[in-house]
Amino acid sequence: MSEPWEIIKILESDNSRLFKEKIIAENLQSKQFQNGLKMCLDPLVTFGVKQIPLCENKKGDLKWEDFQKNADKLINRTKTGHAARDLIQDLVDQSHQDQWDNWYRRILIKDLRCGVSEKTVNNVAKKLDLDFKVPVFKCMLAHDGAKHPKKIRGNCFVEYKYDGVRVIAIVKNGSTTLYSRNGKIFNNFPHIESALSKKSFNNYVFDGEVMSEDFQALMKQVHRKSGAKTDDAFLALFDCLPLNEFNVGKSKLKNFERKNFLDDMSEQFEKCIRLVDYETINFDTEDGQSKFAKMNNEALEKGYEGLMIKPMNDYYECKRSHAWLKIKPFIEVSLKIDQVHEGTGRHSGKLGSFTVKGKDDGKYFSLNVGSGLSDQQREEFWQHKDSLIGKIIEIRADAITKSIDSESYSLRFPRFKTFRGFNINEKI
């Protein structure tokens, strides 16, 4: 069985997934290799250091047990700052170049640099039936609310969906680490890390979006190796839960209880930590539907990415869950049917689309609408196609568009919602 630094060099030599799995399978019985992979690939294991020097020694031999014992001091933050820097330099001085640069150092920088992920390692371990697994980072993700309309009911929190960078901030041992939704570590927001590294926030997970005035400029700074300019960035928070519950994969508190808890904690936040704006809406009432329509319009006007709907009594789960539903902002216009068209293919002999025209909110529209119709509606409407001319339908779309060579407006992704009246020209 090869030394771990030798295995890494072999893995670097070929980009084939099957080749990498073969090499890992030949060496995964090694406890040192297992432990090193887990320390490096487990996102929740962090060392609190950003600059790790290279080694120039041709001789030396740092035993794995000694490296692991000292790495634990970094993980547990019993060595920080200058003491951590001196400890690492001492470890470098005891190692030889290949051993340090290709193994120990890569563990500390959390990057094996050989094209191997926790998924690859776990697949191999499963095939070998080994009692070994690298923990996989998981956070809560939303379902598309448009595909689950029946889930949108009762009392819910409705938040504006910010156009930023998703960040999960974990405060542990008095230090904050910022992660992407996939568990990659962000190092370019030190002011946000510092603002959350308080005793009262220890062992909590904060979930939100890092924002700045210019999203495109922010994206250029997120992964810069050095010299990142992120001073104007702030963390907009929408959730919080204890670290032990995050590790288990589910909160004990419901959405409304966590909201209240986060509101209470906000008194301690610095300027770069803010709360996401939200409303409490009962979707079973007309007033609730009206408030939601108003928020939708504001999301369009203010350039938000959309809306998030979160039933008040659901829990935070580290997976894609119906407890969070995302809705893209939409517009609704009411226009008159000018023509009806037969469908093609499987819709032959049924309604294919409407041509609709008319004014809405001072704009003249002319477009075709063929989406949003069920098969039953296509059959029924086609049977009464002549009586549909002149009736008004409500159309939902993502945005208003205007052709360069036309005075009329159109809609992006228009879809039929409902008829607005029963008689010609009736709008209700």
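Hey, what's the per residue convex hull volume over the C-alpha atoms of segment 55-155, in cubic angstrom?
In segment 55-155, the Cα convex hull volume per residue is 221 Å³.
Taking the longest Cα principal axis of the chain as reference, the axis of helix 31-41 is set at about 40 degrees. Amide H contacts of Tyr364: Tyr409, each under 5 Å away and 5 or more positions distant or on a separate chain (H built 1.01 Å from N in the peptide plane; Pro and chain starts excluded).
Ranking of Tyr162, Tyr316 by neighbouring Cβ atoms within 10 Å, starting from the fewest: Tyr162, Tyr316.
For the chain, what relative contact order do you get, as a whole percent, if you take Cα pairs closer than 8 Å and at least 6 residues apart?
Working: 775 pairs, mean separation 52.8, N = 428.
Here the relative contact order equals 12 percent.
Based on alpha-carbon centroids, what's the gap between segment 290-333 and segment 86-140 in Å, whole number please? Each part reduced to its Cα centre gives a spacing of 39 Å.
Quick one: putting +1 on the C-beta of Lys and Arg, -1 on the C-beta of Asp and Glu, what dipole do you get for segment 4-127 around its Cα centre, in Debye to the nearest 20? If you can, show how the numbers build up before the last one.
Numbers: 22 positive and 18 negative charges, 87 e Å.
Using only the charged Cβ atoms, the result is roughly 420 debye.
Phi-derived couplings, Karplus 6.51 cos²θ - 1.76 cosθ + 1.60 at θ = phi - 60°, listed residue by residue for segment 49-59: 10, 10, 10, 10, x, 7, 10, 10, 6, 8, 10 Hz, with x used for Gly and Pro.
Which order do peptides 83-93, 142-152 fall in by mean Cβ count within 10 Å, highest first?
Numbers: 83-93: 15.9, 142-152: 13.6.
Ranked from most to least packed, the peptides come out as 83-93, 142-152.
Separation of segment 143-204 from segment 404-421 is 37 Å, based on Cα centroids.
Give the angle, between 0 and 90 degrees and rounded to the nearest 10, that separates the Cα long axis of helix 64-75 from the longest principal axis of the Cα atoms of the chain. Taking the Cα atoms of the chain, the angle to 64-75 is about 50 degrees. Backbone phi angles across segment 3-15, fed through the Karplus curve with coefficients 6.51, -1.76 and 1.60 (θ = phi - 60°), yield HN-Hα couplings of 5, x, 5, 6, 4, 4, 5, 5, 4, 5, 7, 8, 8 Hz in residue order; Gly and Pro are listed as x.
Using helices alone, I'd like the mean residue ellipticity at 222 nm for the chain: each DSSP H run of four-plus residues gives -39500 (n - 2.57), total over residue count, nearest 500.
Working: 14 runs with 133 residues, N = 428.
Calculated mean residue ellipticity at 222 nm is -9000 deg cm²/dmol.
Amide H contacts under 5 Å for Leu62: His96, restricted to partners 5 or more places along the chain or on a different chain, H placed in the peptide plane at 1.01 Å from N. Taking amide H positions as modeled 1.01 Å from N, with prolines and chain starts lacking one, the residues under 5 Å from Cys240 and 5 or more places away or on another chain are Asp207. Across segment 283-299, rounded Karplus estimates of 3J(HN,Hα) from the backbone phi angles (6.51 cos²θ - 1.76 cosθ + 1.60, θ = phi - 60°) give 6, 8, 10, 5, 4, x, 5, 5, 4, 5, 4, 5, 5, 4, 5, 5, 4 Hz, Gly and Pro being marked x.
Coordinate-derived values only; no laboratory data. Only a predicted model underlies this, so the values are computations on that prediction, with no experimental measurement involved. Here Cβ is always computed from backbone atoms with ideal geometry, including for glycine, and neighbour counts include all displayed protein chains.
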